[in-house]
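Visitor: Pasting a structure here, questions to come.
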């Protein structure tokens with residue numbers, strides 16, 4: 001004869017407590033047992049960062065060899081990649097925390113990541129617009145290009161903002177040539193402008209402009225002697241097209257805030273830091289290399305607002321020592337264990353069904369007989 005069970009018409013508070021306890025335990029397990037997961041293109045990112053680190057060291061040793069002092073207050077990591085507050089070739093103000101944050105070889109991994117997201121493949125042509133303001137980011141970009149085996153066309157702005165490559169005897173163009181001579185890579189700028197305001201170093205002294213012109217000449221580069229930033233943008237686009245030789249340019253990398261490359265301060269802010277795939281609203285009213293490329297459908301990688309980029313990709317902010325290779329969530333990220341989360345969810349659902357919808361829970365938790373007799377029966381199920 002089939003037994004008849006009496007079941008309470010309300011859910012047992014004990015059952016609810018046990019389910020809640022199980023849910024809490026599952027939540028703690030999922031949050032506490034995250035997996036360290038290597039991010040996409042890990043191998044390429046590590047390789048590019050190693051190249052950048054070694055190039056940083058080469059620049060530092062050359063700077064020491066030239067007896068150019070390193071300010072330990074401005075450059076606590078002793079990288080040799082942070083310049084003085086003011087020199088005759090300093091084109092604009094600079095934000096020191098951004099310059100210090102940029103001294104990180106792992107930015108090469110960030111640029112590898114952005115180039116890959118842009119869809120760039122081995123052998124593709126990319127255009128690059130460095131400035132002297134962020135020599136370490138320039139190095140990181142070159143290292144990423146070398147690792148991914150791309151074909152760059154580079155046009156630089158020679159001057160630098162505060163704390164950039166602004167020593168007249170060792171500008172970015174000199175650093176760039178040094179790294180080619182040390183065989184880090186084989187490419188360097190095909191042309192350079194003075195940079196700064198209007199792309200012609202407007203506001204600098206005659207002596208400062210002369211020093212910049214001499215740097216362009218001693219490095220054997222084509223001098224873009226322009227009258228305005230619009231003319232500078234036009235000349236750059238012509239050179240990029242000529243150097244590409246009919247091959248499509250697959251991405252443009254801007255580094256810093258050169259006016260010919262980014263346009264005015266307003267147009268610079270139209271682009272978000274990092275990868276830009278489509279033209280931002282209002283960009284058609286500005287004239288710059290970035291604006292021209294993006295309207296032609298070429299992805300733009302905008303390496304500005306360095307602190308924001310560092311926060312986004314888990315890099316150190318204002319490090320006091322050179323960050324180790326592979327540090328940051330651009331390489332390895334803590335991610336949820338999907339199988340553990342799914343298992344915990346299924347267990348909770350199973351317990352809810354067993355304790356609330358089925359007799360199994362009632363059989364386990366039903367009131368026991370007491371010495372005084374049976375428990376009070378409730379409605380029959």
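Visitor: Which of the residues that make up segment 209-221 are in contact (Cβ under 8 Å) with a residue 40 or more places away in the chain and more than 22 Å from residue 178 (Cβ to Cβ)?
Guide: Scanning segment 209-221 gives no hits.
Visitor: Moving on. Which of the strands (runs of 3 or more DSSP E) found entirely inside segment 235-307 contain at least 2 residues meeting this: modelled with pLDDT of 95 or more and buried (at least 21 other Cβ atoms within 10 Å of the Cβ)?
Guide: Details: elements: 249-255, 274-276, 300-303.
It comes to 249-255, 300-303.
Visitor: For the structure I just gave you, tell me whether residue 216 is over 26 Å from the mean Cα position of the chain (by Cα), modelled with pLDDT of 95 or more, part of a helix (DSSP H, G or I) and under 20 Å from residue 91 (Cα atoms).
Guide: yes
Visitor: Is it fair to say residue 105 is surrounded by 17 or more Cβ atoms within 10 Å (Cβ to Cβ), farther than 24 Å from residue 39 by Cα, modelled with pLDDT of 95 or more and under 20 Å from the mean Cα position of the chain (by Cα)? Full working, then the answer.
Guide: Working: surrounded by 17 or more Cβ atoms within 10 Å (Cβ to Cβ): yes; farther than 24 Å from residue 39 by Cα: no; modelled with pLDDT of 95 or more: yes; under 20 Å from the mean Cα position of the chain (by Cα): yes.
It is false that residue 105 is surrounded by 17 or more Cβ atoms within 10 Å (Cβ to Cβ), farther than 24 Å from residue 39 by Cα, modelled with pLDDT of 95 or more and under 20 Å from the mean Cα position of the chain (by Cα).
Visitor: Residue by residue through segment 310-335, note down the ones that are part of a helix (DSSP H, G or I) and buried (at least 23 other Cβ atoms within 10 Å of the Cβ).
Guide: Of segment 310-335, the ones part of a helix (DSSP H, G or I) are 310-312.
Hit for segment 310-335 is 310, nothing else.
Visitor: Same structure, new question: Being in contact (Cβ under 8 Å) with a residue 12 or more places away in the chain, under 29 Å from residue 163 (Cβ atoms) and either assigned to a loop (DSSP other than H, G, I, E, B) or within 23 Å of the chain's Cα centre (by Cα) (or both): is that true of residue 227 here? Step through it out loud before you land on a result.
Guide: On the way: in contact (Cβ under 8 Å) with a residue 12 or more places away in the chain: yes; under 29 Å from residue 163 (Cβ atoms): yes; either assigned to a loop (DSSP other than H, G, I, E, B) or within 23 Å of the chain's Cα centre (by Cα) (or both): yes.
When the stated conditions are applied, residue 227 passes them.
Visitor: Which condition number in (1) part of a loop (DSSP other than H, G, I, E, B); (2) more than 21 Å from residue 148 (Cβ to Cβ); (3) touching a strand residue (DSSP E or B) at 6+ places or on another chain (Cβ under 8 Å) is the one that residue 232 fails?
Guide: Here residue 232 clears every test but (1).
Visitor: Just a yes or no: is a residue in segment 245-254 assigned by TED's automatic domain parsing to the domain that holds residue 116 and more than 28 Å from the chain's Cα centre (by Cα)? It would help to see each step written out before you state the result.
Guide: Going through segment 245-254, the residues assigned by TED's automatic domain parsing to the domain that holds residue 116 turn out to be 245-254.
Now narrow it down to the ones that are more than 28 Å from the chain's Cα centre (by Cα): 245-246.
The answer is yes, given that some residue of segment 245-254 is assigned by TED's automatic domain parsing to the domain that holds residue 116 and more than 28 Å from the chain's Cα centre (by Cα).
Visitor: What are the residues in segment 44-78 that are surrounded by fewer than 16 Cβ atoms within 10 Å (Cβ to Cβ) and at positive phi, if any?
Guide: Matches in segment 44-78: 67 only.
The values are calculated or read from the model by the stated rules, or taken from the named source; none is laboratory data. Remember, it's a predicted structure, so these values are computed and weren't measured experimentally. So basically every Cβ, Gly included, is an ideal-geometry build from the backbone, and we count neighbours across all protein chains shown.
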